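A short worksheet on the structure shown next.
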Amino acid sequence: MTWLGVDVGGTFTDLVLFDEEAQDIRILKTPSTPKDQSEGILTGIRRLGFAPEALTRFVHGTTVATNTALERDGAKLAIVTTAGHKDVLVVGKGNRTVMYNIKAPPVRPLVRRSDCYEVRERRRADGSVQTPLNEDDVHAVAERLAADGVEAVAICFLNAYADDSHERRCAEILFERLPGVVVATSAEVLPEYREFERFSTTALNAYVAPRLRRYVGRLRGQLRNAGLRADVSIMTSNGGSLPASRVEALPILSMLSGPAGGVIAASAIGTAAGYPNLITCDMGGTSTDVCLLRGGEYGMTTEGRVGVFPVKIRQIDIHTVGVGGGSIASRAGGVLSVGPRSAGSMPGPAAFGRGGTEPTITDANVVLGRIGTDVPLGGEIQLDLEAARSAVGRLGEDVGLETEAMADGILRIATVQLAMAIKEVSILRGIDPRDFTLLPYGGAGALHAAAIAEELGMRQVLVPPLPGNFSALGLLIADLRRDLVQTRIARTAEVTADDVRARLADLVAAGTEELDQAGFPAERHRFVASLDMRYSGQSFELSVPVALDVAEIGEIEKAFAEVYRARYGGLTAAAVEIVSYRVAAWGLSEKLTLPQVRAEGRSAEAAETGRRPIAFGGAARDVPVLARDRMPVGHTFSGPALVEEDGASTVVPPGWSAALDPVGCLVLSRI
């Protein structure tokens, strides 16, 4: 069997091809094609030179939905809502966009107020009907929407999470009158309470759906024409994959598609190497994503955002900062900054020779010798040292620094910004990053890892195999996953264990249906339950793991007390509430296993391919350049050194040592 994982980033498209019978892995980087991501994918497949009909599994991480939301170039959208509530998306939560500026303009909503339509209907919080659905109102709205030429409609009724029959009937009428138009209901997208978040998530889902569907349809057709017969799966934000047809219906699930793949790979590789406590640092061309794992387990959140829009679906707790290899260094108002503006893949950094003139992090690394110019980047881009020096030098003249000093300054600013991102998921949550190992990946992660670790006082860095294509590798490790949720707010004193088991059983039944439709036999089904709980009067909940067959309410209350004490250090005497019931449904897939590190052809002498002047702390040093695929297992060497491989390079600075472990990870340690 042959599997292919494809992760599309802002600068490069990464491919990992795995031949299960031969236990062989091939990787490739090719420039991304933002106008049509499928072009870069087809280019990569052609360059890999394999027969697409031989593929039995194709998993894709895509940024189409995310880019559509950020660029605000989605569908012409309309909202249909309960009479009296058309301003929910306009008013939002009423938070200031700039904390200390009372005149700061509010966030521009995804849909204009004039495109929000009201119909008479109302359900109470317990799901009972206060005002029946007025179908004449719905028909009248449908006529107006047809006349306006809308492409997508989000139906967001008050308290629809408690009973969605009004939303479903409204959708039926709109489907009948508006064939070809995307119609999404809030109860299907997010059956949870909190109206603004539910409305916003549903609107965003409808807004990006037409573009994602066109992209997936085009990609599927091109792959089929190339001979692919395997079904296409898409990575989702919760760390699992889903059939493309399911993501077409709920594109909101793919908002953090690529970054999630890297976290899944980090969990698997870190655990195998004996490093279960990790902080990941996925540094690509446009941004960097960081995530904390304890015991090999990553955290989940429902407080995600895409740009200014809240996305309340369950997703891996990943923090993103706008610093990547293509981030532009500039001076404005006397302040030198790096990012969030990025050169992207076109024109790209100045060193790409595609017309870019502004200095980037990549250009700084080229100037300092940390990225070589002998081998084309991604097999296609011949780096131009003089162009990089020219771009960095112009900024240096403006600041009053020599070119090398300016390049070093760019990297130092980037290091501090990346360290701050890691503090967001560690120190600001009461966690000491020094108790963790830093796991860098992405094309630029290992270049900066040791400097970031030093900034944070961390003593170990674990550079995994295939770091430049690591997120694509994770796509082939991830299981299918679907998260199901239902809000039913009640105090624990008012519900029984039978009630809890019944509600969880309903979610398991829905998950079983999805797994069956995806072709997973019952023995490959796995379900994990949790409850969102809080003390009465609180506004936010904690996720509390529970057994599907929980026997007593007392068990749930005890579990909540343990989670609450661990987070806040104490308990209160207030009544305990269950807010939402959750079940994660897993379809367990076959897993990619990394080939064993072979001893043949590996030695300390064979690994050294040359030497290169590389600047550290403002002084150039003659540094050995090592080929990672020739390094022997267990041989320790001291920095400074540069380790090169396809798709990535690792800087081992002075004061650090490195060795290749049996799993194939490069372990850096402070001396």
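Look through Thr13, Thr33, Thr43 and report the one residue that is of a type in the set (Val, Ile, Thr), under 27 Å from the mean Cα position of the chain (by Cα) and in a strand (DSSP E or B).
Thr13
Residues in region 61-81 that are over 19 Å from Thr185 (Cβ atoms) and polar (S, T, N, Q): Thr62, Thr63, Thr66, Asn67, Thr68.
For Arg124, are the conditions met, namely being at pLDDT 90 or above, within 30 Å of the chain's Cα centre (by Cα), outside the structural domain of Ala490 (by TED's automatic domain parsing) and surrounded by fewer than 21 Cβ atoms within 10 Å (Cβ to Cβ)? So Arg124 does not fit the description; no.
Looking only at region 525-560, residues that are surrounded by fewer than 15 Cβ atoms within 10 Å (Cβ to Cβ) and aliphatic (A, V, I, L, M) come to 3 in all.
Listed here are the strands (runs of 3 or more DSSP E) enclosed by region 559-647 that have at least 1 residues being closer than 30 Å to Leu368 by Cβ and small (Gly, Ala, Ser): 608-616, 619-627, 636-638, 641-645. Restricting region 448-457 to residues that are crowded, with 24+ Cβ neighbours inside 10 Å and of a type outside the set (Val, Ile, Thr) leaves a set whose member that is farthest from Ser657 (Cα to Cα) is His448.
When the residues of region 147-158 are narrowed to those that are surrounded by 14 or more Cβ atoms within 10 Å (Cβ to Cβ) and of a type outside the set (Phe, Trp, Tyr), which ends up farthest from Val182 (Cα to Cα)? It would help to see each step written out before you state the result.
To start, the set of residues in region 147-158 that are surrounded by 14 or more Cβ atoms within 10 Å (Cβ to Cβ) comprises 150-158.
Keeping just the survivors that are of a type outside the set (Phe, Trp, Tyr) gives 150-156, 158.
Details: Val150: 9, Glu151: 6, Ala152: 4, Val153: 6, Ala154: 8, Ile155: 11, Cys156: 14, Leu158: 21 Å.
It comes out as Leu158.
Of all residues in region 619-644, those satisfying the criterion of being under 28 Å from Leu48 (Cα atoms), surrounded by fewer than 21 Cβ atoms within 10 Å (Cβ to Cβ) and touching a helix residue (DSSP H, G or I) at 6+ places or on another chain (Cβ under 6 Å) are Ala627, Arg630.
Scanning region 456-483 for residues that are within 29 Å of Arg246 (Cα to Cα) and not in a helix (DSSP H, G or I) returns Leu476, Ile477, Ala478, Asp479, Leu480, Arg481, Arg482, Asp483. Scanning region 581-629 for residues that are closer than 29 Å to Leu385 by Cα and in contact (Cβ under 8 Å) with a residue 60 or more places away in the chain turns up Arg612, Pro613, Ile614, Ala615, Gly617, Gly618, Ala620, Val623, Val625.
Residues are listed down the side, and each one gets a yes or a no for (1) surrounded by 15 or more Cβ atoms within 10 Å (Cβ to Cβ); (2) among the aliphatic types (A, V, I, L, M); (3) in contact with a helix residue (DSSP H, G or I) (Cβ under 8 Å, 6 or more places away or on another chain):
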position	(1), (2), (3)
Arg26	yes, no, yes
Thr30	yes, no, yes
Ser38	yes, no, yes
Ala51	no, yes, no
Asp87	no, no, yes
Pro105	no, no, no
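For Ala607, the conditions (1) within 29 Å of the chain's Cα centre (by Cα); (2) surrounded by 15 or more Cβ atoms within 10 Å (Cβ to Cβ); (3) at pLDDT below 95 are fulfilled apart from (1). Kindly indicate whether Arg434 is buried (at least 17 other Cβ atoms within 10 Å of the Cβ) and at negative phi. For Arg434, the condition - buried (at least 17 other Cβ atoms within 10 Å of the Cβ) and at negative phi - is not met.
From the list Leu219, Leu178, Leu250, which one is more than 30 Å from Arg488 (Cβ to Cβ) and either free of Cβ contacts under 8 Å to residues at least 12 places away in the same chain or surrounded by fewer than 24 Cβ atoms within 10 Å (Cβ to Cβ) (or both)?
One residue alone meets the criteria, Leu178.
Considering (1) within 29 Å of the chain's Cα centre (by Cα); (2) more than 17 Å from Asp499 (Cα to Cα); (3) modelled with pLDDT of 95 or more, the lone condition that Arg582 does not fulfil carries the number (2). In a strand (DSSP E or B), farther than 30 Å from Arg341 by Cβ and among the basic types (Lys, Arg) - does that describe any residue in region 101-119? For region 101-119, residues in a strand (DSSP E or B), farther than 30 Å from Arg341 by Cβ and among the basic types (Lys, Arg): absent.
Restricting attention to region 46-70, the residues being of a type in the set (A, V, I, L, M) and either under 19 Å from the mean Cα position of the chain (by Cα) or outside the structural domain of Gly227 (by TED's automatic domain parsing) (or both) number 5.
From the list Gly511, Gly569, which one is within 30 Å of Ala266 (Cβ to Cβ) and in contact with a strand residue (DSSP E or B) (Cβ under 9 Å, 6 or more places away or on another chain)?
Values: Gly569 fails: in contact with a strand residue (DSSP E or B) (Cβ under 9 Å, 6 or more places away or on another chain).
Every option except Gly511 fails the conditions.
Among the residues making up region 75-100, those that are part of a loop (DSSP other than H, G, I, E, B), within 20 Å of Tyr207 (Cα to Cα) and under 31 Å from the mean Cα position of the chain (by Cα) are Ala75, Lys76, Asp87, Gly92.
For beta carbons closer than 9 Å, sequence separation of 6+ or different chains, a first residue in region 350-370 that is in the same structural domain as Glu404 (by TED's automatic domain parsing) and a second that is of a type in the set (D, E, K, R) and assigned to a loop (DSSP other than H, G, I, E, B), the qualifying pairs are Ala350/Glu358; Ala350/Asp384; Ala351/Asp384; Phe352/Asp384; Gly353/Asp384; Ala364/Arg370; Val366/Asp384.
Restricting attention to region 363-392, and to residues there that are β-branched (Val, Ile, Thr) and crowded, with 23+ Cβ neighbours inside 10 Å, which single residue is nearest to the chain's Cα centre (by Cα)?
Looking only at region 363-392, we keep the residues that are β-branched (Val, Ile, Thr), and these are 366-367, 371, 373, 375, 381, 392.
The next check asks that each one be crowded, with 23+ Cβ neighbours inside 10 Å; those that pass are 366-367, 371, 392.
Numbers: Val366: 28, Val367: 31, Ile371: 26, Val392: 31 Å.
Here the answer is Ile371.
Looking across region 530-555 at every residue that is under 13 Å from Ala490 (Cα atoms) and not in a loop (DSSP other than H, G, I, E, B), the one that is farthest from the chain's Cα centre (by Cα) is identified as Ile553. Within region 144-167, the set of residues being under 12 Å from Ser186 (Cα atoms) and more than 31 Å from the chain's Cα centre (by Cα) comprises Asp163, Ser165, His166.
The values are calculated or read from the model by the stated rules, or taken from the named source; none is laboratory data. The structure presented is a predicted model; accordingly, all values stated were derived computationally and were not measured. Backbone-built Cβ (ideal geometry, glycine too); neighbour counts: all protein chains shown.
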